[in-house]
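**Q** For reference, the structure I am asking about is given below.
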Amino acid sequence: ETGVTQTPRHLVMGMTNKKSLKCEQHLGHNAMYWYKQSAKKPLELMFVYNFKEQTENNSVPSRFSPECPNSSHLFLHLHTLQPEDSALYLCASSQALAGVSYEQYFGPGTRLTVT
Amino acid sequence: AQSVTQLGSHVSVSEGALVLLRCNYSSSVPPYLFWYVQYPNQGLQLLLKYTTGATLVKGINGFEAEFKKSETSFHLTKPSAHMSDAAEYFCAVGILIGNEKLTFGTGTRLTIIP
C-alpha cells in the first residue's frame, strides 16, 4: 500500500465520451503529479500541482484537463480522446519544499483504452 | 537541466547471479537520486534513494546502489537474483534547487532465467 490511490483501475471509453480519473493521496504531501506511460516510451510528465497551484503543463493537449481542488485530490478530466491516448496514467505525490525534488510516491495507475 | 541515462533496455540474469543495472546522470547541481521498480500493471515503487551522506545506500528487497560523483553514476546491484525480481526498473534524478520534478530514465526490463 503506497498511500496513493487511483480510480478507476481500468477504463474503456469511446472517442466522444467524457470521463474523469481520480487520484487521492493519504501521505500529507503538498505536490501531486500526472504521468502518462505508453508502451515502449519513456514516462511522460503531464502536469504538476504544488499547494493546489499548477506549476507544470508539459504541452499536454487540451483534451486532458487537470483539476486539483486540494492537496490530497487530483483529477484528470478526459474528453474527445484519440486512440493514441491509450496508456497507463499514473498519479504521484511528494513532499516538495522550497523547490527541492524529494521522492515521489505513485498510485497503481489507471489503464485507459480509447476505442 | 538534469538528465538520466540507463544503459541497456533489457537485462537478463540467471537466478542466483549478480544483478547490475546501470544509471548515469547529468546535473549541474548536487543531485538526489532514486531507483524505482514497476511490476506489470502496477505503479512505480521506491526501491532506494540517495540524498546526502553515505554514498552506498541500501533499499528494499536486498538491493543497493552506490553514488559515485566522479563517474556520475548510481548503479543498482543485488548479489543474488530471485525470480520475483523480474520487473522494470527506473532510475530518476532530482535536484536540490529548482523545482519539484524528477527526471526519469527510460527503464531497464530485468528478466530472471531459472
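**Q** Restricting to the stretch A:5-50, name every residue that is farther than 11 Å from residue A:89 by Cα, small (Gly, Ala, Ser) and surrounded by fewer than 19 Cβ atoms within 10 Å (Cβ to Cβ).
**A** Passing the criteria: A:14, A:20, A:28, A:39.
**Q** Among (1) surrounded by fewer than 20 Cβ atoms within 10 Å (Cβ to Cβ); (2) in contact with a helix residue (DSSP H, G or I) (Cβ under 9 Å, 6 or more places away or on another chain), there is one condition residue B:37 misses while meeting the rest; what is its number?
**A** Result: residue B:37 passes all but (1).
**Q** Next up: May I ask you to list the residues in the stretch A:57-71 that are crowded, with 17+ Cβ neighbours inside 10 Å and either modelled with pLDDT under 85 or of a type in the set (Ser, Thr, Tyr) (or both)?
**A** Within the stretch A:57-71, A:71 is the sole residue that qualifies.
**Q** Just the residues that are within 12 Å of another protein chain (Cβ to nearest Cβ) and at pLDDT 95 or above, please, taken from the stretch B:11-33.
**A** Residues satisfying the conditions do not exist here.
**Q** Restricting attention to the stretch A:1-60, report how many residues are assigned to a strand (DSSP E or B), of a type in the set (A, V, I, L, M), over 11 Å from the mean Cα position of the chain (by Cα) and away from every other protein chain (no Cβ under 11 Å).
**A** Of the residues in the stretch A:1-60, 3 are assigned to a strand (DSSP E or B), of a type in the set (A, V, I, L, M), over 11 Å from the mean Cα position of the chain (by Cα) and away from every other protein chain (no Cβ under 11 Å).
**Q** Same structure, new question: So, in the stretch B:55-83, of the ones that are among the small types (Gly, Ala, Ser), touching a residue at least 12 places away in the same chain (Cβ under 8 Å) and out of contact with any Lys or Arg (no Cβ under 9 Å at 6 or more places or on another chain), which residue ends up surrounded by the fewest Cβ atoms within 10 Å (Cβ to Cβ)?
**A** Looking at the filtered set, the residue picked out is B:80.
The values are calculated or read from the model by the stated rules, or taken from the named source; none is laboratory data. Keep in mind that this is a model prediction, so the values were computed, not measured. We place every Cβ from the backbone using ideal geometry, glycine too, and count neighbours over all the protein chains shown.
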